[in-house]
Amino acid sequence: GEWIVYKLPFISSVYSLIKQVFATFLSNKNNAFSKVVMLEYPRKGLWILGLVSTDTSGEMQDKLPEPMINVFIPTTPNPTSGFLIFVPKSEVIEMDISVEDAIKFIISGGIVNPEDEGEQ
C-alpha cells in the first residue's frame, strides 16, 4: 500500500516526513523522550509543549541554581528540528499524554488533539 502513497506528489512528501519522525522519535529501541511537559515559553503567558529527555546533569547542572530538566522544543510541522532548553523542574507542568500524541499534535499544528484521537 505504501507504493500508492509514494505516487501522490504532496501526500508522499508529508507521509515520508511523518514516517521518518515516528521512526526517529518513537522507535522501541530509542527511548529518547520520557514525558511531555507544558511550560511558559518564550515568555510568561505563552505556553508550549516540550519533550523531556533527561534531568540536567554534570557541569551544566553544577552551574545552575536549582534542579533542571532537559526539554526539547520541537518545531511545527517538522518536529525533528527544534532546540534544547534547560528548565527548572518547578516551572513545568507534566502532561498525561503520550510522546506520540504530543508529536501528532505538533505536526498537525494543533489540529489533531490527543482527546480527538478516539473520535476519528
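Some values worked out for this structure:
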{"quantity": "Restricting the range 68-113 to residues that are out of contact with any helix residue (DSSP H, G or I) (no Cβ under 7 Å at 6 or more places or on another chain) and charged (D, E, K, R), the residue that is most open to solvent (accessible area, probe 1.4 Å)", "calculated": "Asp96"}
{"quantity": "Some residue of the range 90-107 being among the basic types (Lys, Arg) and at pLDDT 90 or above", "calculated": "no"}
{"quantity": "Pairs with Cβ under 9 Å, 6+ apart, first in the range 1-17 and in contact (Cβ under 8 Å) with a residue 24 or more places away in the chain, second open to solvent by less than 80 Å² (accessible area, probe 1.4 Å)", "calculated": "Leu17/Pro77; Leu17/Asn78; Leu17/Thr80; Leu17/Ile107"}
{"quantity": "Any hit, the range 69-88, residues being assigned to a loop (DSSP other than H, G, I, E, B) and farther than 28 Å from Val14 by Cβ", "calculated": "no"}
{"quantity": "Pairs where the first residue, in the range 53-68, is assigned to a strand (DSSP E or B) and the second is among the aromatic types (Phe, Trp, Tyr) and surrounded by 12 or more Cβ atoms within 10 Å (Cβ to Cβ), C-beta under 9 Å, 6+ apart", "calculated": "Ser53/Phe33; Ser53/Phe72; Met68/Phe86"}
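The values are calculated or read from the model by the stated rules, or taken from the named source; none is laboratory data. All values reported here derive from a predicted model rather than from experimental measurement. Cβ coordinates were reconstructed from backbone atoms using ideal geometry, including for glycine residues, and neighbour counts include every protein chain displayed. These accessible areas exclude ligands, DNA and RNA; they are computed on the full protein's heavy atoms, side chains included. Shrake-Rupley method; radii C 1.70, N 1.55, O 1.52, S 1.80 Å.
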